[in-house]
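Step one of this worksheet: look at the structure below.
Bear in mind these aren't lab numbers, they're just calculated from the coordinates by the rules spelled out. As the structure is a computational prediction, the values presented were derived from the model and not from experiment. Neighbour counts run over all protein chains shown; Cβ positions are idealised from the backbone, glycine included.
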Amino acid sequence: MKKLDKDAQIEWVDITQDTTALANAGLTYRQAMDRIHVMDENAQLHSGVRGFLLVWKRLPYYRFFAKLIENVPFLLFIMEKLYRLFARYRLTLTGKKYLDEPK
């Protein structure tokens, strides 16, 4: 997704490199690793599918999906349930390892 952000509308933060971002957001490393978190322009924190929607609204090709998910009844609810399931097993599914908390 980062590659699609050609206009640099999103400030992407690598929490393994910028631990102050977690403190500023009031998150622990574990919380941040458990699900996506997105801070909007009003410094309000959103997580899960609502966080993805904020990102998708600013990316080409994904804007359509953001509007669809927001406007189709029960789709946001269903997507959140599916995301929670995916988030629980995402590292196993993607073949990645859990990184230890940065020092």
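Figures for the structure shown
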read-out	value
Net dipole in debye of the chain [+1 Lys, Arg Cβ; -1 Asp, Glu Cβ; about Cα centre; nearest 20]	460 debye
Where Cα atoms sit under 26 Å apart: lysine pairs in the chain separated by 8 or more or lying on different chains	17
Helix-derived mean residue ellipticity, 222 nm - over the chain, DSSP H n ≥ 4, -39500 (n - 2.57), to 500	-14000 deg cm²/dmol
Size of the chain as Cα extents on the principal axes (Å, biggest first)	43, 30, 25
For a label point 7 Å along the Cα-to-beta-carbon line of F86, residues of region 10-53 with backbone N under 16 Å	34-38, 47-53
³J(HN,Hα) computed for each position of region 27-39 - Karplus, 6.51 cos²θ - 1.76 cosθ + 1.60, integer Hz, glycine/proline x	10, 8, 4, 4, 4, 5, 6, 6, 7, 5, 10, 9, 9
Within a Gaussian network of the chain (alpha carbon springs, distance under 10 Å), most fluctuating of R50, R63, R30	R30
